[in-house]
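Note sheet for the following structure.
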């Protein structure tokens, strides 16, 4: 990270400005929240590929609730969080009860949600005054209180500097870190990820904790979708295309932070910041957009090589 910041600052001095730092934090807020959900599933030895689709579904559902159904911000948030928790519960039950491998279960859920979120509007984005399939026009609007979640900025040194979404990321990261590292339940989840058979023999309800991990992942993903909808002020079906890749990259880069060689909330937050610094620097240097995914993948591979191959800790992370 120091090398990235130094290199980008030399190439573009404006990179080190306060406003540039804010853009970085704002860009990683949603990605970081999704990545923390992925971390919860990695801790129990699973993996959630549906987070991007859950976030986009929450974006569309919140827009549909306010614009089409003409309901308020509270209803939109409650519906979205409930939807995310329900999807996580279904994922967990498919994996635990139906014995479907986690990658296949969450991949299937991803495709299901990607199709489902387009059906009510026939594939169109949702915006105020849009034409509905029956020929009428939508009468609802995005509630100001809802838009504040993604657009409001707090004063810090400079006026309107810190986005509220960044505060949400910091609070959620602290809560997830505290839960996983400091509570009995978090230590049990790590024990399950390390050796589920030994955990079961010790009297731990392995199935319950694995399902809980996916419920956490789905809920956090839906909250990320809420923040994205609040930032955009519209329900855009294509706006969450890169969320999965960026969130997974952040969670996996987190393995390398401080040599942890295991999923952890602190590392995930740093991984999200790492991805944000990388993308902001590339953007300010006018790097072609089509090279950014390649560079992210390259950096991810290098980080994992340093973590596992060079440190010899692969066994600790995988068993």
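The values are calculated or read from the model by the stated rules, or taken from the named source; none is laboratory data. Since the structure is predicted, the reported quantities are computational estimates derived from the model, not experimental observations. Note that each Cβ is placed from the backbone with ideal geometry, even for glycine, and that neighbours are counted across all protein chains shown.
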**OP:** Filter the range 226-243 down to residues that are surrounded by fewer than 24 Cβ atoms within 10 Å (Cβ to Cβ) and under 25 Å from residue 303 (Cβ atoms) and give me whichever is modelled with the highest pLDDT.
**Re:** 242
**OP:** Say whether the condition of being more than 22 Å from residue 195 (Cα to Cα), modelled with pLDDT of 85 or more, surrounded by fewer than 22 Cβ atoms within 10 Å (Cβ to Cβ) and out of contact with any strand residue (DSSP E or B) (no Cβ under 9 Å at 6 or more places or on another chain) is met by at least one residue in the range 258-267.
**Re:** yes
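Between 251, 229, 247, which is outside any loop (DSSP other than H, G, I, E, B) and in contact with a strand residue (DSSP E or B) (Cβ under 7 Å, 6 or more places away or on another chain)?
229
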Original post:
Could you say whether any residue in the range 74-95 is surrounded by fewer than 18 Cβ atoms within 10 Å (Cβ to Cβ) and outside any helix (DSSP H, G or I)?
Top reply: no
Original post:
When residues of the range 271-312 are filtered for being loosely packed, with under 13 Cβ neighbours inside 10 Å, closer than 20 Å to residue 25 by Cα and modelled with pLDDT under 85, how many remain?
Top reply: 1
Original post:
Can you name the condition, by its number, that residue 181 falls short on among (1) touching a residue at least 40 places away in the same chain (Cβ under 8 Å); (2) not in a helix (DSSP H, G or I)?
Top reply: (2)
Subject >> residue 317 vs. criteria assigned to a helix (DSSP H, G or I) and either in contact with a strand residue (DSSP E or B) (Cβ under 8 Å, 6 or more places away or on another chain) or at pLDDT below 80 (or both) >> reply: yes
Original post:
Can you tell me which residue in the range 96-117 is modelled with the lowest pLDDT, limited to those that are crowded, with 16+ Cβ neighbours inside 10 Å and closer than 12 Å to residue 61 by Cα?
Top reply: 117
Original post:
Hey, residue 223 hits all of (1) over 20 Å from the mean Cα position of the chain (by Cα); (2) crowded, with 20+ Cβ neighbours inside 10 Å but one; which does it fall short on?
Top reply: (1)
